[in-house]
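Contents: one structure, followed by commentary.
FYI, it's all coordinate maths here, none of it is from the lab. Everything numeric in this text was worked out from a predicted model, so none of it was measured. Note that each Cβ is placed from the backbone with ideal geometry, even for glycine, and that neighbours are counted across all protein chains shown.
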Amino acid sequence: MFRRSFMALALATGTLSLAACGETPTEAPGAETGIPGMKISNARMVLAPVAGNPAAIYFDLAYEGDRGVALNRAEVKGAKSAMFHDYGEYDFKVQMMEMLPVPLKKGDTVTFEPGGKHLMAMDVDPALKAGGTTEATIIVSGGKRHTFPVEIRAAGDER
């Protein structure tokens, strides 16, 4: 009888040990996740000087993936919507407009900066304050997603 109890205990302990091996590791908060070969650096959200106006997100993107992708759309945690913008000429005037998809191949870099390509975050939650962080997610054609941390800055801070 002692032997049966011992065997049952050993079997249960072994099963629990194996179950623990199958746990999925979790990402550290603020770590990039998503598209292999995509690296985002220098990501910052600059809040609007007037509450309720859109915020702009700037960053540097480097792509070393083996498959070609195209930047298609984006999401920002704490914003109701987000969209890529660029400047272009329309009706003989330079103006901001929604950006067309940007194809990326291995070795490409794209800079999102003031006066050029950028990500606009609309209806930003007032809880997002300078000195904090949020997350942005790039979605490429086909639906793959790449999420990265974004530092939040005040309107007058360095862009």
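List of remarks:
- Scope the range 84-93; condition surrounded by fewer than 16 Cβ atoms within 10 Å (Cβ to Cβ) and either in a strand (DSSP E or B) or in contact with a helix residue (DSSP H, G or I) (Cβ under 9 Å, 6 or more places away or on another chain) (or both); matching residues: Asp86, Tyr87, Gly88, Glu89, Tyr90, Lys93
- Residue in the range 116-124 that is over 13 Å from Phe59 (Cα atoms), loosely packed, with under 12 Cβ neighbours inside 10 Å and either among the hydroxyl-bearing types (Ser, Thr, Tyr) or within 16 Å of the chain's Cα centre (by Cα) (or both) present: no
- Residue within the range 62-83 that is more than 12 Å from the chain's Cα centre (by Cα), in contact (Cβ under 8 Å) with a residue 12 or more places away in the chain, surrounded by fewer than 18 Cβ atoms within 10 Å (Cβ to Cβ) and within 11 Å of Leu119 (Cα to Cα) present: yes
- Enumeration of residues in the range 55-83 that are among the charged types (D, E, K, R) and either in contact with a helix residue (DSSP H, G or I) (Cβ under 9 Å, 6 or more places away or on another chain) or not in a strand (DSSP E or B) (or both): Glu64, Asp66, Arg67, Lys77
- Matching residues in the range 108-158 - criterion: being basic (Lys, Arg) and touching an Asp or Glu at 6+ places or on another chain (Cβ under 8 Å): Lys117
- Inside the range 125-148, residues that are more than 11 Å from Ala55 (Cα to Cα) and surrounded by 15 or more Cβ atoms within 10 Å (Cβ to Cβ) make up a count of 12.
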